[in-house]
Amino acid sequence: MKIQITADLLDGMVLAILEHKDYYGYALTQRMQSAITISESTMYPVLRRLKKDSYLTTYDQPYQGRNRRYYQITEAGKKHLQRIRKLWNDYKNSLDGIFYGLSEGEDKDE
């Protein structure tokens, strides 16, 4: 069984990776694949959406006679990443309470 990754989590993962350095599309896909199963056909729509929403910008760099399109996080992207991180932490803590038991004193009805 695989746990489904939501669009918000994909966005957050891409932005978190790009927070540290710029990547071109294929290298970014490879980096994501080190953590989750994702195809290029899934990644590029995510990148287009993030760019459309002004969370990413792009620039081209020549490489061996061709151009590579690099993705770079914007200030709006950094703010969006902070929101996603907060939502993720709240969600994770809530699930941890279920998976690992409630903290002391929370479940007084039993």
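The values are calculated or read from the model by the stated rules, or taken from the named source; none is laboratory data. These numbers come from a predicted model, not from an experiment. Cβ sites come from the backbone with ideal geometry, for glycine too, and all protein chains shown count toward neighbours. Keep in mind that these areas ignore ligands, DNA and RNA; they rest on the heavy atoms of the full protein, side chains included. Shrake-Rupley method; radii C 1.70, N 1.55, O 1.52, S 1.80 Å.
Modelled spin labels at THR6 and ALA76, positioned 7 Å past Cα toward Cβ, are 2.2 nm from each other. SER41 sits with roughly 90 Å² accessible to a 1.4 Å probe, with DNA, RNA and ligands left out of the calculation. In this simple spin-label model, placing a label point 7 Å from the Cα along the Cα-to-Cβ direction at both ARG85 and SER34 gives a separation of 1.9 nm. In a simple Cβ point-charge model (Lys, Arg +1; Asp, Glu -1; nothing else charged), region 37-89 has a dipole of about 180 debye relative to its Cα centre.
The angle separating the long axis of helix 75-99 from the principal Cα axis of greatest extent in the chain is about 30 degrees. When the listed pairs LYS2/LYS78; LYS51/LYS79; LYS2/LYS52; LYS21/LYS51; LYS2/LYS92; LYS52/LYS79 are checked against a 21 Å cut-off, the alpha-carbon distance exceeds it for LYS2/LYS78; LYS2/LYS52.
Largest accessible area first, the residues ILE84, ILE98 order themselves as ILE98, ILE84 under a 1.4 Å probe with ligands, DNA and RNA left out. Measuring how big the chain is from its alpha-carbon positions, Rg and Dmax come out at 17.7, 69 Å. Annotation: amide H of ARG68 within the under-5 Å range of GLN61, TYR63, sequence separation 5 or more or interchain, hydrogens built in the peptide plane. Annotation: amide H of THR74 within the under-5 Å range of LEU56, THR57, sequence separation 5 or more or interchain, hydrogens built in the peptide plane.
Of LYS78, LYS52, which has the most accessible area and how do the rest follow, probe 1.4 Å? Please list the in-between numbers first.
On the way: LYS78 80, LYS52 155 Å².
I get LYS52, LYS78, largest accessible area first.
Once the Cα-Cα distance is subtracted from the 0.36 nm per residue extended length, the TYR26 to ASP60 segment shows a gain of 10.9 nm.
With contacts taken as Cα pairs under 8 Å and at least 6 residues apart, the chain reaches a relative contact order of 28 percent.
When the chain is treated as a GNM with alpha-carbon contacts under 10 Å, the residue of ARG49, ARG66, ARG85 showing the greatest mean-square fluctuation is ARG66.
Helix 40-52 and the longest principal axis of the C-alpha atoms of the chain enclose an angle of approximately 90°.
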